[in-house]
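Undergrad: After the structure tokens below, expect a handful of questions from me.
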Amino acid sequence: MKWVEPKHWNVAAPTSSITPHLDRLVEAVVREGWQAVPRYDGPRPLVHVFDRDAPQFGESITLAPGPVPRVWWFRSSTGENLALHTDPSQAARQITRILIPYVTAIRAARSHRAQRAGTPSPTPPAVPDPAHVTTIAELEKRFAGLVCWWGRYTYEWWAIVPGGTQWTIVNAEEPDSLLHEILRARKRR
């Protein structure tokens, strides 16, 4: 996934005119197999789209004005125009294109871990240790473009390793193990 510079909001539309289009998008993404949660109470209405098996990772979609009057676009959180407001099915297909690589990587990592020798894995703490937070910050500083985080729902450490057009998502139970996974992913590039 590449970063697309977000477009500026130049037209304000009442929430009541935006939410019906977002409701149609919800129906379309559910047909594609995703979970969707409308969030209409913020400054801009949006729909959070995610996979049931990876609820901590998803895409937030808004409706944004286009350059032509009365033409609106479904827009991703990275600023990418996905489809015209009249085509929620196309927007759902684009969301699938964006999310599939990441969700697949998350599922593969979990499957790989489940297949390891039958030794039970230790349960990491529910709240990251401040020393671990420092380690994650050091990893992000060490590897340009790396994004690391603590999975509040998975109780694991995660990182997205940049690699041209092929980004890799890795995870581990401890920060030291995450470092090894990052290095392994960088070697595969």
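The values are calculated or read from the model by the stated rules, or taken from the named source; none is laboratory data. Quick caveat, the model's predicted, so the values are computed rather than measured. Note: accessible area is taken over every heavy atom of the protein model, side chains too, but ligands, DNA and RNA are not part of it. Shrake-Rupley method; radii C 1.70, N 1.55, O 1.52, S 1.80 Å.
Undergrad: Express the accessible area of the stretch 11-106 per residue in Å², computed with a 1.4 Å probe while the remaining protein chains stay in the model.
TA: That works out to 48 Å² per residue.
Undergrad: Over every pair of different alpha-carbon atoms in the stretch 31-87, take the mean of 1/r and invert it; report that Kirkwood radius in Å.
TA: Result for the stretch 31-87, one decimal place: 12.2 Å.
Undergrad: If you don't mind, there's one more thing I want to ask. Grab the Cα-Cα distance for ARG186 and ARG31, subtract it from 0.36 nm times how many residues apart they are, and report the gain in nm with one decimal.
TA: 52.2 nm
Undergrad: Give me the percent of Cα-Cα pairs in the stretch 62-106 that sit more than 13 Å apart, rounded to a whole number.
TA: 54
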